[in-house]
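For reference, the structure is listed below as structure tokens.
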Amino acid sequence: MKNLQDATERICELKGALVALDAVVMAALGELTDTARRRLADSFDKHAEAARTAILHADISDVVLGAFERDVARHKILLAPPREVPLSGRGNSAETVLFAVAPVSTFSGRQTLTGASGFFFRREQRLFVVTNRHVFADAETSHFPDRIEIGIHTDARDLTRSAAVSLPLYRNGLSLWMEATDSGGAVDVAALEVLPETLPGNAVLQAFDASSLEVGDEDIAIGDSLTIVGYPLGFHDTVHHLAVARSASVASAYGIRFQQQGCFLTDARTHRGSSGAPVVRRRMFSGAVPGSLSWQLLGVHSTRMDMRGRDHTQDESLGLNCAWYADVLTTLTNR
């Protein structure tokens, strides 16, 4: 450089070029599928490590090394799947758990059948939508849809923007969802894998995972406060596409199979459409499970429980519900 002015102009040119390069990278990332983005992130980690080794053996200043590490960290954030980016600082105060819940509509061809609730569960690199098994198929009511649609947010800041994602329930005549039975019989929980290419590139969501099932040092006892997040009678914030919550409590001995079924009871006012909603509890300690949602996933809401011989003219409904233990997801998503 001839003088300080030339050096300053060159620095400004480099800054402009970097801003333009960032714009190109962001545009390219938006076109990648989730799987392609993960492969790119793995490749970037390897190349960054090779570059780090070369830099450490070169005669350069600590300023250059510091800038390199800052940009590597920034690029790793950019390469993270957009549907699980942190929700803080998005210009909204919605709870993270609301982005882990989705409305589920069932269809037979083009005919709309029923509405229910569901939530996302991630097992390593695979994503599942979880709901009740009777949402996908129920012989007792002759309910046999061939596909479902789930609602997905598509803008992290503007929650009014969303998309409906259609997922088939059968392929070549075989059901695609996973279900389970145990010593007590059928479990009313089903998991359907959501392939990355079926989601819009700008999908925004959160997902429970194995850490959400961990109790840690927190005890769970009868009477503890719970929350059931879903779409009772299809009701929700139709502008921002957000579910609503019902307060609940543990109504039977937690950890003991109620009447030898893989479920426990909750005390809550629920309605049709809540089937498949996650039964959660806010963690007592924010750092209980690093990197997880601040909510513990305890169960999957299924049906209301009542006395068969109740006198409907004299006795009120019990107001109790069946929630299947969420640890069944470990089995369902391992197949």
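Does residue 111 count as surrounded by fewer than 17 Cβ atoms within 10 Å (Cβ to Cβ), more than 17 Å from residue 273 (Cβ to Cβ) and in contact with a helix residue (DSSP H, G or I) (Cβ under 9 Å, 6 or more places away or on another chain)? When the stated conditions are applied, residue 111 does not pass them. Out of all the residues in segment 135-162, which are modelled with pLDDT under 95 and in a helix (DSSP H, G or I)? Selection gives 139, 140, 141. Looking at this structure, is residue 255 in contact (Cβ under 8 Å) with a residue 40 or more places away in the chain and assigned by TED's automatic domain parsing to the domain that holds residue 150? No, not satisfied.
The residues in segment 233-250 that are within 16 Å of residue 320 (Cβ to Cβ) and crowded, with 19+ Cβ neighbours inside 10 Å can be counted, and the count is 3. Residues that are buried (at least 20 other Cβ atoms within 10 Å of the Cβ), in contact (Cβ under 8 Å) with a residue 60 or more places away in the chain, of a type outside the set (A, V, I, L, M) and outside any strand (DSSP E or B) are absent from segment 188-203.
The values are calculated or read from the model by the stated rules, or taken from the named source; none is laboratory data. Predicted model, so just to flag it, every value in this text is computed and none were measured. A quick note on method: Cβ atoms are made from the backbone with ideal geometry, for glycine too, and the neighbour counts reach across all protein chains shown.
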